[in-house]
Amino acid sequence: MHKKNSLLGVALAGLIAASPVAATAGQISIVTPFPPGGISDSMARVVATYLSEELGETVIVDPQPGASGLVAARHVLNQEADGTVLFQTSPTVMMILPRTNKLEFNPIEVFQPVSNIGSNQLVFAVRKDYPADTLEEFIAYAKDEAPGSLTLASGGAGTSTHLIPVLFLSEAGIEFTHVPYGGGGPALQDVVAGHVDAYFGNPAEVMAQAEGGNVKILATSGDERMKALPEVPTISEALPGVSLVTWNGMVVKEGTHPDRIEELSTAIQAISENPDYVKALEELGIDVIGDDPVHFDDMINETLPLWNAAIDAAGIEQQ
């Protein structure tokens, strides 16, 4: 990638300012790769609300779901490179798709970074009656006491909810059976129902089930403990050097004028200092970043080898 230059009120404003329709003249659209109702969509609506206020321009959300983000990526590439179309992307599109699918483009080459909105760790949970209450007990049981018995749910093969646990489990020497689902919702529900043993998911979704006593949270996937779960260890505490988080950042089509990229990035950096904006995203399990294009680009290139290692560990072949 080139190095170029009260929460209810927020929610209601987001629904108005971020209607899932195509942008018209004088509007900015945030294209998202997943359907309305999920974490990605909720995040985009928060960003749209505050970005609209900061820029003085109408900002809408334009969901373009399908094919793990490929539909959205192609949609953005078919638009003019005029800085009116932001693409809210993630490792799924930028790093995983090129390794798992034969594409006519390389996302890292055809999109320019604007700002990394934020990152989120995944939360590792097991069914409520799984015979382990800590990360150490889990590793001991799944590796030595009942080897090969673990079943792992994911939101789909090649997604972050598949690759992050694969990296962890392979480093821990734990054999498992992967059970892919058509999204994180049904995957988590089957862990709640006791049909599958474990799942790595978005914090907000998993924490809600844990608060109800439906699952047990054993670890998080980042380098540092989550503010919302200070008592829960990270995977790296048991396996030093093993950590991986997902993120959602804004990019634009290659060829967008550097001045427009700077304007958009500066606006995102500004709203990232707003306590209400930060609180709204933290309630979705997002750690706000709001960096500049250079730092966003550096992060992508620095973490690419980790994602490649996870893909290799999962044995996913390009289709």
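The values are calculated or read from the model by the stated rules, or taken from the named source; none is laboratory data. What you see is a predicted model; the values in this text were computed from it and never measured. Here the Cβ positions follow ideal geometry from the backbone for every residue, glycine too, while neighbour counts run over all protein chains shown.
Regarding A153, is this residue modelled with pLDDT of 95 or more, under 24 Å from A228 (Cα atoms) and small (G, A, S)? Considered against the rule, which asks whether it is modelled with pLDDT of 95 or more, under 24 Å from A228 (Cα atoms) and small (G, A, S), A153 comes out as yes. Cβ-Cβ contacts under 7 Å between residues 6 or more apart (or on different chains), taken from a first residue in segment 78-94 that is small (G, A, S) to a second residue that is at pLDDT 95 or above and part of a loop (DSSP other than H, G, I, E, B), are listed as A81/E254; A81/G255; A81/T256; G83/T256; G83/H257.
Do the conditions hold for R74, that is, is it at pLDDT 95 or above, of a type outside the set (F, W, Y), out of contact with any Phe, Trp or Tyr (no Cβ under 7 Å at 6 or more places or on another chain) and surrounded by fewer than 21 Cβ atoms within 10 Å (Cβ to Cβ)? When the stated conditions are applied, R74 passes them. With respect to the conditions (1) within 30 Å of N274 (Cα to Cα); (2) assigned to a helix (DSSP H, G or I); (3) out of contact with any strand residue (DSSP E or B) (no Cβ under 7 Å at 6 or more places or on another chain), P65 falls short on a single one, namely (2).
Going through segment 188-226 one residue at a time, which ones are of a type in the set (S, T, N, Q) and either over 19 Å from I164 (Cα atoms) or not assigned by TED's automatic domain parsing to the domain that holds A172 (or both)? Listed by number, the residues that qualify are Q189, Q209, N214.
Among the candidates A44, A23, A48, the residue that is surrounded by 16 or more Cβ atoms within 10 Å (Cβ to Cβ), at pLDDT below 95 and aliphatic (A, V, I, L, M) is uniquely A23. Looking across segment 68-104 at every residue that is part of a loop (DSSP other than H, G, I, E, B) and not charged (D, E, K, R), the one that is nearest to P180 (Cα to Cα) is identified as N101.
Could you say which residue among A310, A267 is assigned to a helix (DSSP H, G or I), touching a His at 6+ places or on another chain (Cβ under 9 Å) and surrounded by 21 or more Cβ atoms within 10 Å (Cβ to Cβ)?
Numbers: A267 fails: touching a His at 6+ places or on another chain (Cβ under 9 Å).
It is A310.
Out of all the residues in segment 274-288, is one or more surrounded by 23 or more Cβ atoms within 10 Å (Cβ to Cβ), of a type in the set (V, I, T), more than 20 Å from E80 (Cα to Cα) and out of contact with any Asp or Glu (no Cβ under 8 Å at 6 or more places or on another chain)? Yes, some residue in segment 274-288 is surrounded by 23 or more Cβ atoms within 10 Å (Cβ to Cβ), of a type in the set (V, I, T), more than 20 Å from E80 (Cα to Cα) and out of contact with any Asp or Glu (no Cβ under 8 Å at 6 or more places or on another chain).
Let's see how each residue does on (1) under 26 Å from D312 (Cα atoms); (2) surrounded by fewer than 22 Cβ atoms within 10 Å (Cβ to Cβ); (3) in contact with a strand residue (DSSP E or B) (Cβ under 9 Å, 6 or more places away or on another chain):
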position: E175; (1), (2), (3): yes, yes, yes
position: G184; (1), (2), (3): yes, no, yes
position: V196; (1), (2), (3): yes, no, yes
position: V206; (1), (2), (3): no, no, yes
position: N214; (1), (2), (3): no, yes, yes
position: P230; (1), (2), (3): no, yes, no
position: N248; (1), (2), (3): yes, no, yes
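Evaluating E211 against the criteria (1) at pLDDT 95 or above; (2) more than 16 Å from Y130 (Cα to Cα); (3) in contact with a Gly (Cβ under 8 Å, 6 or more places away or on another chain) leaves one unmet condition, (3).
What residue, of P230, P240, is within 18 Å of V288 (Cα to Cα), over 16 Å from the mean Cα position of the chain (by Cα) and either outside any strand (DSSP E or B) or not hydrophobic (A, V, I, L, M, F, W, C) (or both)?
Values: P240 fails: within 18 Å of V288 (Cα to Cα).
Matching residue, one of P230, P240: P230.
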